[in-house]
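Following: one structure in structure tokens, then a few remarks.
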Amino acid sequence: MKNRPRLDIPKTAEEKFANIIGYSIFIGGLIYAIINFPSLPEEVPMHFGADGEVNRYGSPYEMIILLVLPFILILGLEALERFPQVHNYPRRMDESNAEAFYLNSRKIANFAKNACLIIFAIVFIEITNYALTGTFLFGSLLLPLILILALGPVFWGLWQRRKIK
């Protein structure tokens, strides 16, 4: 399909629920980091190794970058959700199944966006908590959790795409 139709497909309950969960957790993590920011020491953990151990410290002000990045990410992924006709699709997509492909692709973008928001919240909480208490909340589970959250929506969406005729 060279000229893809622009379809108005309402958001599903799954997408609305994912937005509520993703944004709520992100805002909670952000508030936790902001409230505790004045209490942070001069050096906070800025990078965690695969084993969950801190392998780089930095200024608490470096966290500001981590606070800005999600907002850029939100803008980009929200735009992807609104314009599914610009996404890449398999050759088997035609006018009869375009709506199903658009919905599938939009769900992948939606779930990926919300998973990324949760990842940022987890990172805010882990950095802040370790800086204040010297203990990990997630520790060695941090990397597997981030990988599952980052890759899960994509694998799930592509698995669901296989069912589209």
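Within the range 93-115, the residues that satisfy the criterion of being touching a residue at least 24 places away in the same chain (Cβ under 8 Å) and either outside any helix (DSSP H, G or I) or among the aliphatic types (A, V, I, L, M) (or both) are M93, D94, E95, N97, A98, A100, L103, I108, A109, A112, A115. Quick check on S24: is it under 21 Å from L117 (Cβ atoms), among the hydroxyl-bearing types (S, T, Y) and either at pLDDT 90 or above or over 13 Å from the mean Cα position of the chain (by Cα) (or both)? Answer is yes for this residue. Condition first: among the polar types (S, T, N, Q), in a helix (DSSP H, G or I) and more than 27 Å from N88 (Cα to Cα). Now tell me which residues in the range 116-165 satisfy that. Listed by number, the residues that qualify are T128, N129, T133, S140. Y32 meets the conditions (1) closer than 22 Å to F138 by Cβ; (2) touching a residue at least 60 places away in the same chain (Cβ under 8 Å); (3) buried (at least 17 other Cβ atoms within 10 Å of the Cβ) in every case but one. The failed one is (3).
Looking at the range 68-83, can you tell me whether even one residue there is closer than 15 Å to N129 by Cα and of a type outside the set (A, V, I, L, M)? No: the range 68-83 contains no residue that is closer than 15 Å to N129 by Cα and of a type outside the set (A, V, I, L, M).
The values are calculated or read from the model by the stated rules, or taken from the named source; none is laboratory data. Predicted model only: the values in this text are computed from it and were never measured. Note: ideal-geometry Cβ built from the backbone for every residue, glycine included; neighbour counts use all protein chains shown.
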